[in-house]
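*Asks:* A single structure is presented below for examination.
Nothing in this text is a laboratory measurement; each read-out follows from the coordinates by a stated rule. Just so you know, these numbers come straight off a predicted model, no measurement behind them. Every residue, glycine among them, receives a Cβ derived from its backbone with ideal geometry; neighbour counts consider all protein chains shown.
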């Protein structure tokens, strides 16, 4: 397995999984992908159907990380995906499944289900990849006698998932940027209440895209990145994306009885990382009919999948919504899909994303490339605050199931793309307690709260507010790594 950049770096060179694990962007500013996707045979698919989650993760990840000995990788997946780590389940009988499939009902002749991905330590789907990433980082750093300073950006869930995965890990510090006063109270408390000495929370005076732009700016300062040993846990990190591929296979097996069946997945999307993993699963051979991209009012991805126009929004045009983890107007993982869409032409990808920086976007309808989107099974839809409130209320009344705001965006859009006889799986993103204000508005009751999180909002918080300035962030990091 060799890795190349979407913009051309690495072609003709050897880059292993471990080589790119601790980094983020390639040196040319592109994103890493395997030079070709491994294919899953019918025999493998049949054998994998009965595997527990940890062993399924091993089988999939070993196709992408052949430089890690099998016995080490198996130990890493088995110590990551345990019922003790993913213990915040709503149904104790399903704890061992890690990602239980909850069937809501049949609508229009189509089974509609939720794939529960939020049973980890921070109650969000980001834990599914981040817990593995923490163990992979510690394993790789120890093997090479290295240290790492992680710089990341979060609109809510990534930050807490990263910090809980990395807290106490040897040789690792975490510097996490978040938009000041733009996360829910629960999300803020999860992150800022951590007192571990290797965790640093930085509240940026701006929106999430400003935080993400700072991370990219630092990643593109190669001298600083090397001197300070900067790595990333954002969804641009390849290991995070490939770890998410696993639950598409697990969800498929749970929703079907035969590998002759097909399913569709709806994915609440902002940064395109989660649904990009679904795209990779489909390219590997998983029988996926449709990948449904669900956005909120920040609908840059929905606009693209409807029109072929990718138009990023300015900070002033980014809405602060009740599904804040999707308040993103520049989808950092989208480049990986565009690379595949354009037949893996790095020169064209480089030019298109230069156009994003210089002109604010690009148009693939005019060039004729947009017609290929259908081949990849993508469709999309958009949800508003009123939509998600109505959906939360409807799902609770119909199915006695409480869902969070982002999952509600997914259910709303999923219902617009149901196909008779093809199961629709909505990827659940978080537990409702993380977005209590909207739950109270929709249901006039308090959201369910796991006992471990009682009173978290009242804990002391430790964070620093900084201006939207990459140089100021670099100085902050440098001061704390001397």
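*Asks:* Report the Cα centroid-to-centroid distance between the range 188-205 and the range 86-120 in angstrom, as an integer.
*Replies:* So the separation of the two Cα centres works out to 30 Å.
*Asks:* What is the fewest-to-most order of 434, 182 by other Cβ atoms lying within 10 Å of their Cβ? Walk me through the numbers on the way to the answer.
*Replies:* Details: 434 29, 182 21.
Sorted ascending by nearby Cβ count, the order is 182, 434.
*Asks:* So how do 222, 406 line up by other beta-carbon neighbours within 10 Å, fewest first? Intermediate results must be reported in sequence, preceding the final value.
*Replies:* Numbers: 222 11, 406 31.
Ranked by crowding around the Cβ, least crowded first: 222, 406.
*Asks:* If contacts are Cα pairs under 8 angstrom and at least 6 residues apart, what is the relative contact order of the chain in percent? If you can, show how the numbers build up before the last one.
*Replies:* Values: 953 pairs, mean separation 92.2, N = 482.
Worked out over the chain, it gives 19 percent.
*Asks:* For the range 79-195, what is the convex hull volume of its Cα atoms per residue in Å³?
*Replies:* On the way: hull volume 15.7 nm³, N = 117.
Value for the range 79-195: 134 Å³ per residue.
*Asks:* Right, something else. Cβ neighbours within 10 Å, averaged per peptide: list 165-173, 463-471, 321-329 in order, most packed at the top. Don't skip to the end; give the middle numbers.
*Replies:* On the way: 165-173: 18.9, 463-471: 14.4, 321-329: 25.2.
In decreasing order of mean packing, 165-173, 463-471, 321-329 become 321-329, 165-173, 463-471.
*Asks:* Ranked highest first by the average count of other Cβ atoms within 10 Å around their residues, in what order do 153-164, 79-90 fall? Display every interim value, and only then the final one.
*Replies:* Numbers: 153-164: 27.8, 79-90: 17.5.
The packing order, highest mean first, is 153-164, 79-90.
*Asks:* May I pose another question? So for the pair residue 480, residue 452, with labels modelled 7 Å out along Cα→Cβ, what separation do we get in nm?
*Replies:* Taking the simple label geometry, residue 480 and residue 452 are separated by 2.4 nm.
*Asks:* Just the C-alpha atoms of the chain: what Rg/Rh do they give, with Rh taken as the Kirkwood radius?
*Replies:* 0.93
*Asks:* Using the number of other C-beta atoms within 10 angstrom as an exposure proxy, rank 400, 409, 196 with the fewest first.
*Replies:* Values: 400 8, 409 32, 196 15.
Lowest to highest Cβ neighbour count: 400, 196, 409.
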